[in-house]
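Structure first, then comments.
The values are calculated or read from the model by the stated rules, or taken from the named source; none is laboratory data. Keep in mind that this is a model prediction, so the values were computed, not measured. With ideal geometry, Cβ positions are generated from the backbone for all residues, glycine too; neighbour counts draw on all protein chains shown. With ligands, DNA and RNA removed, areas are computed over all heavy atoms of the protein, side chains included. Shrake-Rupley method; radii C 1.70, N 1.55, O 1.52, S 1.80 Å.
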Amino acid sequence: DKKLFEETEFAPMQFPVIFNAAGRPKTETETVEELLVRQVSSGVRFTETIRWLEKEGVDTVLEIGPGKTLSGFVRKTCRGINCISIDSFESLQQAAEKLKEELA
């Protein structure tokens with residue numbers, strides 16, 4: 001509901017948020033509220049989002065939730081991006097260990 005987003009106070013972003021409705025972060029002229037309205041009321045631009053992440057040098061993404069549909073789509077769209085699926089506390093622990101090893 002548009003009214004809910006308009007009534008919610010959003011703090012300044014501390015890091016870029018990629019809005020699937022735009023396939024990129026918000027611009028200086030856009031508001032979080034208007035992008036969230038678009039996010040829930042229109043189609044998403046997931047392909048553009050993934051390609052933007054790749055262009056920006058993102059090499060690993062986490063899919064949190066049941067299933068691996070989004071990870072499969074990422075792999076198919078940008079083969080150079082590593083996907084980690086997290087659907088349980090155990091898989092979260094495994095992902096944390098894997099990322100620690102890669103960053104060491």
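Are there any pairs with C-beta distances below 6 angstrom linking a residue in the range 60-75 that is of a type in the set (Gly, Ala, Ser) to a residue that is open to solvent by less than 40 Å² (accessible area, probe 1.4 Å), with the two at least 6 apart or on different chains, and if so which?
Note: pairs meeting the criteria are 71/63; 71/83; 71/85.
Can you pull out the residues in the range 73-104 that are under 19 Å from residue 55 (Cα atoms) and small (Gly, Ala, Ser)?
Correct list: 80 only.
Got a sec? Which of 71, 91 is of a type in the set (Ser, Thr, Tyr) and touching a strand residue (DSSP E or B) at 6+ places or on another chain (Cβ under 6 Å)?
Exactly one residue qualifies, and that residue is 71.
Is it the case that the range 27-45 has a residue that's in contact with a Phe, Trp or Tyr (Cβ under 8 Å, 6 or more places away or on another chain) and more than 20 Å from residue 2 (Cα to Cα)?
No, there is no match, as no residue in the range 27-45 is in contact with a Phe, Trp or Tyr (Cβ under 8 Å, 6 or more places away or on another chain) and more than 20 Å from residue 2 (Cα to Cα).
Can you spot a residue in the range 39-46 that is touching a residue at least 12 places away in the same chain (Cβ under 8 Å), polar (S, T, N, Q) and under 28 Å from residue 103 (Cβ atoms)?
For the range 39-46, residues touching a residue at least 12 places away in the same chain (Cβ under 8 Å), polar (S, T, N, Q) and under 28 Å from residue 103 (Cβ atoms): absent.
Considering only the range 12-24, state which residues are of a type outside the set (Phe, Trp, Tyr) and either open to solvent by less than 80 Å² (accessible area, probe 1.4 Å) or touching a residue at least 24 places away in the same chain (Cβ under 8 Å) (or both).
Once the filter is applied, which keeps residues that are of a type outside the set (Phe, Trp, Tyr) and either open to solvent by less than 80 Å² (accessible area, probe 1.4 Å) or touching a residue at least 24 places away in the same chain (Cβ under 8 Å) (or both), the range 12-24 yields 13, 17, 18, 20, 21, 22, 23, 24.
Inside the range 15-24, can you point out the residues that are in contact with a Ser or Thr (Cβ under 8 Å, 6 or more places away or on another chain) and outside any strand (DSSP E or B)?
Scanning the range 15-24 gives 20, 21, 23.
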